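Enquirer: I'd like to ask some things about the structure below.
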Number of protein chains: 2
Amino acid sequence: MGDELLSGDTVNTNASDIGARCRQLGITLDRVITVRDRIEEISAAIRQSADADVCFVSGGLGPTSDDRTAEAVAHAAGVELLRDEAALARIEAKFAAMGYEMPAMNRKQADFPATATIVPNPIGTAEGFMVSVPAAGGCPVYVMPGVPREMRRMFDSEIAPALAQRFELVPTPRRIYRALGRGESSLARAIEPIVEQARQLPGLESLFVHYRATSPQVLVVLEAEPTPDSTVDVHAALRELDARILDAMEPAIYGIGDATLADRVVDALGRAGLRISTAESCTAGGLGATITAVPGSSAVFDGGIISYANAVKTGLLGVDPQVLETHGAVSEPVARAMAEGARKATGTDLSVSITGIAGPGGGSAEKPVGTVHIDVFDGETHLHKKLKLRGNRGNVRHCSHQWALKLVWDRLCARGLASVLSSPNSQEPLS
Amino acid sequence: MGDELLSGDTVNTNASDIGARCRQLGITLDRVITVRDRIEEISAAIRQSADADVCFVSGGLGPTSDDRTAEAVAHAAGVELLRDEAALARIEAKFAAMGYEMPAMNRKQADFPATATIVPNPIGTAEGFMVSVPAAGGCPVYVMPGVPREMRRMFDSEIAPALAQRFELVPTPRRIYRALGRGESSLARAIEPIVEQARQLPGLESLFVHYRATSPQVLVVLEAEPTPDSTVDVHAALRELDARILDAMEPAIYGIGDATLADRVVDALGRAGLRISTAESCTAGGLGATITAVPGSSAVFDGGIISYANAVKTGLLGVDPQVLETHGAVSEPVARAMAEGARKATGTDLSVSITGIAGPGGGSAEKPVGTVHIDVFDGETHLHKKLKLRGNRGNVRHCSHQWALKLVWDRLCARGLASVLSSPNSQEPLS
């Protein structure tokens with residue numbers, strides 16, 4: 001809902017958040033419609049949900065003049081807006097708790113369609129509501145605030161339980177295989193014959209494969225709808241495919257389930273009792289930030305050095321100025337020296353370094369934009385990779401730190417300290 | 001287009017990329033419909049564009065079995081799919097250039113609706129096309145690949161010029177004011193009276209204000225549609241409001257236009273000839289990565305130290321272990337010592353430090369999750385801020401590095417080295 005999503009000012013993360021939650025509950029999200037903050041357009045979109053069992057709306061419940069969702073939903077439902085005095089008192093109390101008087105403009109946040117049931121918002125002033133829309137075949141419409149964390153909280157704590165009561169929900173069994181280092185086409189060629197054969201197996205007749213390519217990764221998603229009269233355990237039948245799929249996805253596969261590459265690496269380091277540090281040039285902290293996005297990563301990550309300028313490479317990382325001079329900052333010898341330097345400076349078991357040309361400037365014929373060297377050093381062995389990446393600055397940097405994690409993963413696998421089939425804490429239970 | 005957008009596996013950034021491009025061209029994006037990879041559903045969504053002047057489709061042009069967009073668009077247009085031999089040769093040549101033979105499954109990427117005009121894809125195998133759909137009132141439908149960089153490239157280099165030829169496009173004049181440190185309601189209260197008054201001015205009768213809150217920032221967007229017979233320069237009329245808006249948004253405002261906070265800080269440092277470094281604990285590189293997302297930031301950013309573990313705070317940053325012991329890692333004295341240490345270790349003019357509790361664990365009654373200390377030190381003065389942030393780990397970290405940039409900005413302003421009205425290179429020309 002909202003102009004900011006259509007003008008390109010805001011990316012619609014609420015749509016994917018709702019989509020993921022629906023899938024986990026066993027609701028198929030058929031379509032998402034984003035409309036402008038205009039009463040008639042919002043109302044028309046809601047009335048289109050006649051063919052749906054449920055409709056979710058988010059955004060436009062704020063206090064400002066472009067927040068018109070309550071009015072539009074009332075219009076769709078063919079009822080008036082009514083001021084709810086109890087809701088008004090709650091909003092005033094929320095402001096009072098923050099030490100403010102409620103501004104007059106927030107009063108409209110207590111206006112709801114006459115037939116609505118209010119859904120509480122424990123962390124914001126925009127309360128949600130549910131209303132049945134006769135013009136959409138009585139479809140229940142759940143309206144949530146647009147602020148992502150308020151929407152997620154309201155969905156999880158209020159709406160999901162209500163949906164579970166209202167409908168008999170069965171999530172579709174699915175299994176996700178995660179890879180970095182092979183393209184979508186290459187993986188598809190290896191996997192499609194396995195999927196085709198598997199469709200002969202009881203319970204997997206409807207087996208469906210999706211490919212989710214998000215540079216530099218590809219996720220392979222298998223889904224199988226259980227047939228109504230089947231006694232087959234589809235979860236188990238899917239799991240039976242693991243060995244063949246794994247084999248087909250080597251050496252790119254690093255995990256099964258929802259756990260990200262960073263989750264897997266942090267988990268494996270933790271199990272092995274190893275600590276890691278970073279030395280980053282072109283990514284300039286992106287790798288450290290990615291590792292520490294994993295809660296609990298302080299158990300394995302000590303820190304690192306962002307050596308954007310050469311003076312920091314020689315000063316804090318101890319890279320030999322002669323090596324820098326001879327080979328240039330983007331080179332295997334410098335990446336090796338950076339990893340060695342970070343390991344020494346932090347006293348960790350291993351270190352990983354990244355040095356490259358993210359662009360748009362700085363490239364040359366010999367070392368074009370996208371040239372990146374990554375090095376993992378564990379005191380014994382250097383694992384080194386030279387990448388030739390494509391895309392803009394953001395993509396080169398993102399691919400660089402993802403590849404750095406993959407190299408750490410590969411080194412841990414080579415030492416017998418990690419494997420795809422080990423199950424990290426964060427791995428999704430097969431659902 | 002696509003199941004992965006509906007299942008929550010992928011965030012739909014293409015929608016906002018298309019939205020921003022349309023706005024800049026002067027096309028109003030009325031609605032976005034996301035549908036599953038089903039022929040009938042794609043086709044039905046396209047046929048809904050009868051009330052539109054143009055329709056954009058992205059995704060589903062790949063080689064795998066769930067890529068069905070060409071077939072669906074042919075269905076919507078009421079024509080057959082035809083193999084285009086010239087396109088096939090181009091795709092084979094692209095594989096050959098990468099040193100591969102084209103897999104058989106990629107052949108379908110040369111199938112287009114019979115009445116389509118092919119749109120070349122210089123950086124991928126999925127070529128796009130344009131087709132007029134009689135069932136949608138002859139609406140021209142532009143179909144692009146789903147890979148974001150391929151879509152953006154095709155839109156910018158092929159489709160935008162075609163649109164400019166086909167339509168007489170006039171972008172709506174708009175002006176963006178950017179703030180960090182005040183909430184949406186507080187800004188709205190200060191701004192709405194100014195907007196109301198401004199609507200009396202010639203050329204600004206249709207003045208419209210939007211608020212884009214993306215924690216911790218709020219953007220205020222003013223737009224005014226020129227009336228057809230007006231001779232007023234709406235751009236200039238909008239610009240006339242600057243002084244009053246700026247005043248109303250103090251002390252949170254840091255810029256006007258598209259330039260981000262990082263853009264502004266990097267630009268101001270560059271103009272002042274100052275270099276900066278970072279010392280990050282809870283953000284662990286996120287601040288460095290944000291600064292260096294700005295192309296050319298190597299002119300002002302030397303690097304930094306990620307001091308996640310206390311041993312790195314005392315070792316590389318020289319924080320007194322006694323101070324750590326007495327005040328705890330998340331405290332003003334430690335933040336000050338970190339900034340001093342980073343400045344000394346890197347030899348930069350100024351340094352900025354962040355230490356905090358990002359959660360979910362690590363909080364206490366005295367220092368709950370979301371407690372963050374930020375310190376800017378320029379050799380003379382410490383500018384310090386203690387934050388009490390809300391939200392999850394990701395939000396606390398994001399707000400922390402955005403606030404760190406704002407403190408650097410504030411310090412530069414205090415020294416007369418930056419101001420809102422200075423125009424950075426990256427500032428959008430008023431459009």
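The values are calculated or read from the model by the stated rules, or taken from the named source; none is laboratory data. If you're wondering where the values come from, they're calculated on a predicted model, not measured in any experiment. Positions of Cβ are backbone-derived with ideal geometry, glycine not excepted, and every protein chain shown enters the neighbour counts.
Enquirer: Applying the selection to the stretch A:68-84, what residues are on the phi > 0 side of the Ramachandran plot and in a strand (DSSP E or B)?
Expert: Residues satisfying the conditions do not exist here.
Enquirer: Here's a follow-up. Counting only residues that are more than 13 Å from chain B (Cβ to nearest Cβ) and part of a loop (DSSP other than H, G, I, E, B), which one in the stretch A:38-67 is surrounded by the fewest Cβ atoms within 10 Å (Cβ to Cβ)?
Expert: By that ranking, first place goes to A:ASP53.
Enquirer: In the stretch A:301-319, how many residues are surrounded by fewer than 24 Cβ atoms within 10 Å (Cβ to Cβ) and more than 7 Å from every other protein chain (Cβ to nearest Cβ)?
Expert: Adding up the residues that qualify gives 4.
Enquirer: I would also like to ask the following. Consider B:PRO228 against the criteria (1) surrounded by 15 or more Cβ atoms within 10 Å (Cβ to Cβ); (2) out of contact with any Asp or Glu (no Cβ under 6 Å at 6 or more places or on another chain); (3) at pLDDT below 95: it satisfies all of them except one. Which criterion is unmet?
Expert: (1)
Enquirer: What helices (runs of 4 or more DSSP H), lying completely within the stretch B:121-207, carry at least 1 residues that are at pLDDT 95 or above, in contact with a helix residue (DSSP H, G or I) (Cβ under 8 Å, 6 or more places away or on another chain) and over 30 Å from B:VAL54 (Cα atoms)?
Expert: Counting at least 1 such residues, we get B:184-198.
Enquirer: Looking at B:ASP53, B:ASP9, which one is without any contact (Cβ under 8 Å) to a residue 12 or more places away in the chain and among the acidic types (Asp, Glu)?
Expert: B:ASP9
Enquirer: Considering only residues that are facing another protein chain (nearest Cβ under 9 Å), out of contact with any Cys (no Cβ under 6 Å at 6 or more places or on another chain) and either crowded, with 19+ Cβ neighbours inside 10 Å or within 18 Å of B:GLY59 (Cα to Cα) (or both), which ones fall in the stretch B:21-37?
Expert: Selection gives B:ARG21, B:CYS22, B:ARG23, B:ARG31, B:VAL32, B:ILE33, B:THR34, B:VAL35, B:ARG36, B:ASP37.
Enquirer: Are there any pairs with C-beta distances below 6 angstrom linking a residue in the stretch A:401-423 that is closer than 19 Å to A:ALA293 by Cβ to a residue that is among the polar types (S, T, N, Q), with the two at least 6 apart or on different chains, and if so which?
Expert: A:HIS401/A:THR283; A:HIS401/A:THR290
Enquirer: Let me confirm something: among A:ASP263, A:ASP242, which residue is crowded, with 17+ Cβ neighbours inside 10 Å and of a type in the set (Asp, Glu)?
Expert: Sole residue among the options that is crowded, with 17+ Cβ neighbours inside 10 Å and of a type in the set (Asp, Glu): A:ASP263.
Enquirer: OK, next. Quick check on the stretch B:145-158. Is at least one of its residues under 15 Å from B:CYS22 (Cα atoms) and surrounded by fewer than 16 Cβ atoms within 10 Å (Cβ to Cβ)?
Expert: yes
Enquirer: For the list (1) of a type in the set (Asp, Glu); (2) at pLDDT below 95; (3) in contact with a Phe, Trp or Tyr (Cβ under 9 Å, 6 or more places away or on another chain), I need the number of the one condition that A:ASP84 fails.
Expert: Exception for A:ASP84: condition (2).
Enquirer: Every residue in the stretch B:228-237 that is in contact (Cβ under 8 Å) with a residue 24 or more places away in the chain and either more than 31 Å from the chain's Cα centre (by Cα) or part of a loop (DSSP other than H, G, I, E, B) (or both), please.
Expert: B:SER230, B:VAL232, B:ASP233
Enquirer: Any residue at all in the stretch A:151-173 that's assigned by TED's automatic domain parsing to the domain that holds A:ASP66, closer than 22 Å to B:SER7 by Cβ, in contact with a strand residue (DSSP E or B) (Cβ under 6 Å, 6 or more places away or on another chain) and among the small types (Gly, Ala, Ser)?
Expert: No: the stretch A:151-173 contains no residue that is assigned by TED's automatic domain parsing to the domain that holds A:ASP66, closer than 22 Å to B:SER7 by Cβ, in contact with a strand residue (DSSP E or B) (Cβ under 6 Å, 6 or more places away or on another chain) and among the small types (Gly, Ala, Ser).
Enquirer: Identify the residue in the stretch B:337-367 that is closer than 18 Å to B:CYS399 by Cβ and in contact (Cβ under 8 Å) with a residue 40 or more places away in the chain and, among all such residues, is nearest to the other protein chains (Cβ to nearest Cβ).
Expert: B:ALA358
Enquirer: Read through the list (1) in contact with a Pro (Cβ under 8 Å, 6 or more places away or on another chain); (2) more than 10 Å from chain A (Cβ to nearest Cβ), then give the number of the only condition that B:PRO295 fails.
Expert: The number of the failed condition is (2).
Enquirer: I'd like to check something: does the stretch A:290-308 contain any residue that is without any contact (Cβ under 8 Å) to a residue 12 or more places away in the chain, aliphatic (A, V, I, L, M) and out of contact with any Leu (no Cβ under 9 Å at 6 or more places or on another chain)?
Expert: Checked the stretch A:290-308: no residue is without any contact (Cβ under 8 Å) to a residue 12 or more places away in the chain, aliphatic (A, V, I, L, M) and out of contact with any Leu (no Cβ under 9 Å at 6 or more places or on another chain).
Enquirer: Please find, within the stretch A:1-20, the residue that is surrounded by the fewest Cβ atoms within 10 Å (Cβ to Cβ) out of those that are among the small types (Gly, Ala, Ser) and at the interface with another protein chain (Cβ under 7 Å from one of its Cβ atoms).
Expert: Restricting to residues being among the small types (Gly, Ala, Ser) and at the interface with another protein chain (Cβ under 7 Å from one of its Cβ atoms), the top hit is A:ALA20.
Enquirer: Within the group A:LEU269, A:LEU219, A:LEU207, which residue is farther than 30 Å from B:VAL147 by Cα, within 14 Å of chain B (Cβ to nearest Cβ), surrounded by 17 or more Cβ atoms within 10 Å (Cβ to Cβ) and in contact (Cβ under 8 Å) with a residue 12 or more places away in the chain?
Expert: A:LEU269
Enquirer: Against the conditions (1) more than 7 Å from chain A (Cβ to nearest Cβ); (2) more than 20 Å from B:ARG336 (Cβ to Cβ), where does B:ALA289 fall short? Just the number, please.
Expert: Among (1) more than 7 Å from chain A (Cβ to nearest Cβ); (2) more than 20 Å from B:ARG336 (Cβ to Cβ), the lone unmet condition for B:ALA289 is (1).
Enquirer: Cβ contacts < 9 Å: first residue in the same structural domain as A:SER353 (by TED's automatic domain parsing) and under 14 Å from A:CYS282 (Cα atoms), restricted to the stretch A:319-332; second residue modelled with pLDDT under 95 and buried (at least 17 other Cβ atoms within 10 Å of the Cβ), any location; separation 6+ or different chain. Result?
Expert: A:VAL330/A:GLY362
Enquirer: Please specify each residue of the stretch B:281-299 satisfying the condition of being at pLDDT below 95 and within 9 Å of A:ALA284 (Cβ to Cβ).
Expert: Listed by number, the list is empty, since nothing qualifies.
Enquirer: Return yes when B:ARG275 is over 24 Å from the mean Cα position of the chain (by Cα) and either more than 7 Å from chain A (Cβ to nearest Cβ) or within 27 Å of B:ARG415 (Cα to Cα) (or both) and no when it is not.
Expert: For B:ARG275, the condition - over 24 Å from the mean Cα position of the chain (by Cα) and either more than 7 Å from chain A (Cβ to nearest Cβ) or within 27 Å of B:ARG415 (Cα to Cα) (or both) - is met.
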